[in-house]
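The values are calculated or read from the model by the stated rules, or taken from the named source; none is laboratory data. Keep in mind it's a predicted model, so treat the numbers as computed, not measured. Quick reminder, even Gly has a Cβ in these numbers, built from the backbone with ideal geometry, and neighbours come from all protein chains shown. Surface accessibility is based on the protein's heavy atoms, side chains included, excluding ligands, DNA and RNA. Shrake-Rupley method; radii C 1.70, N 1.55, O 1.52, S 1.80 Å.
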Amino acid sequence: MAFAGLLFPILGYFFIALWGLLGLLKVAVTILTHPFTALKKTTREIPPACLLDPALGSHEYVTANGLKFHCVCAGDTSKPLMLLLHGFPEFWFSWRHQLKAFSKDYHVVAVDMRGYGDSDKPDGVASYTLDKLGKDIADLIPALGYSACVLVGHDWGGAVAWRVADTNPELIDKLVIMNCPHLSIMGQELTNGWGQLLKSWYIFMFQVPWLPEFTIGLHDYRNFNAIFRGRKAGVKNRDQFPAEVVEAYKYSFSRPGGLTGPINYILLVFVASSVEGPSVKTTMWRVTQRYPELVDRHIVLNCPHGRFEI
């Protein structure tokens, strides 16, 4: 029997139990060692000024696939559409530099994906299938007034962009994917051996109920400080991420339901038993070599996977 047919679900439940126990232990230690700060939460009712900067574009709401999507739009609507799809844990603000850089030549739209930011957040893991996520974008393009676009996706946004390209190629003039292999290739990498499976540990950790949201929220969402400014896990040019920028991410994800939808993206990878989601550490070189006729490959040095916006 193939590795995916037998070992993947067995190992999957093993890793879920393992990461659940380790996560609970970490939470317990954190609370015991920092009893007065670990559970601290700040009520963030007013967005940081950087999220309201008019130089980034206008904030609009567009209905597509039965949901309301929050979009930030820059550039003349008479120009071609460039649609930007973010990853996890990000939102439209991750594209702030691209909104400025490309608005001279395109009508640039950065969208909060389903479940993120100010877009609608339907309940239930089943609301976050890749088919539904792809349909969101396929409907959003004509809802924005265009018949096709330059579609740019990073991480989970890349997974959705691949799906749109597969199901509605007529909607795409050009496709730009960052750090996300084609889904069928990712499935092969994840189920045909140990290497990619072990590198995708986070998928199993996120299957544990309530624990990911609780852990990320500890110390008033201090994890975002580590993501952007930490010496081990953070980006190299930390000066590009001042306190206000980090606070923008905390504001978005600390709001009610701010983490539930994003985590549902990852939950569905295992729940659906259809390994379609991207991994943080997949070997992009090997993946792109398999289909050289489909892609132009460009490597950006010293650019961490999750923080492409430098």
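If you go through the stretch 100-111 and keep only what is closer than 18 Å to Ala161 by Cβ and surrounded by fewer than 22 Cβ atoms within 10 Å (Cβ to Cβ), you end up with Phe102, Tyr106. Inspect the stretch 87-108 for any residue being hydroxyl-bearing (Ser, Thr, Tyr), modelled with pLDDT of 95 or more and over 21 Å from the mean Cα position of the chain (by Cα) and give the result as yes or no. Yes, that holds for at least one residue. The single condition among (1) closer than 15 Å to Ala110 by Cα; (2) modelled with pLDDT of 95 or more that Leu171 does not satisfy is (1). Taken over the stretch 186-242, the residue count meeting the criterion of being outside any loop (DSSP other than H, G, I, E, B), under 24 Å from Leu32 (Cβ atoms) and at pLDDT 80 or above is 15.
Screening Met178 with (1) touching a His at 6+ places or on another chain (Cβ under 8 Å); (2) surrounded by fewer than 16 Cβ atoms within 10 Å (Cβ to Cβ) gives one miss only, at (2).
Could you go through the stretch 52-64 and let me know if any residue there is surrounded by fewer than 19 Cβ atoms within 10 Å (Cβ to Cβ), among the aliphatic types (A, V, I, L, M) and assigned to a strand (DSSP E or B). It would help to see each step written out before you state the result.
Within the stretch 52-64, the first condition is being surrounded by fewer than 19 Cβ atoms within 10 Å (Cβ to Cβ), and the residues that meet it are 52-55, 58-63.
The next check asks that each one be among the aliphatic types (A, V, I, L, M); those that pass are 52, 55, 62.
Restricting the remaining residues to those that are assigned to a strand (DSSP E or B) gives 62.
Yes - at least one qualifying residue is present in the stretch 52-64.
Candidates are the residues of the stretch 112-147 that are of a type in the set (Ser, Thr, Tyr) and assigned to a loop (DSSP other than H, G, I, E, B); the one that is surrounded by the most Cβ atoms within 10 Å (Cβ to Cβ) is Tyr116. Looking only at the stretch 153-175, residues that are under 23 Å from Lys79 (Cβ atoms), in contact with a helix residue (DSSP H, G or I) (Cβ under 8 Å, 6 or more places away or on another chain) and open to solvent by 10 Å² or more (accessible area, probe 1.4 Å) come to 4 in all. Residues in the stretch 65-99 that are in a strand (DSSP E or B) and of a type in the set (Lys, Arg): Lys68 only. Checking each residue in the stretch 32-46 for being free of Cβ contacts under 8 Å to residues at least 60 places away in the same chain and either open to solvent by 80 Å² or more (accessible area, probe 1.4 Å) or assigned to a helix (DSSP H, G or I) (or both) picks out Leu32, Thr33, Phe36, Thr43, Glu45, Ile46. Filtered by the rule that a residue be under 30 Å from Ser127 (Cα atoms) and acidic (Asp, Glu), the stretch 32-79 gives Glu45, Glu60. If you go through the stretch 69-99 and keep only what is more than 22 Å from Ile172 (Cα to Cα) and open to solvent by 30 Å² or more (accessible area, probe 1.4 Å), you end up with Phe88, His97.
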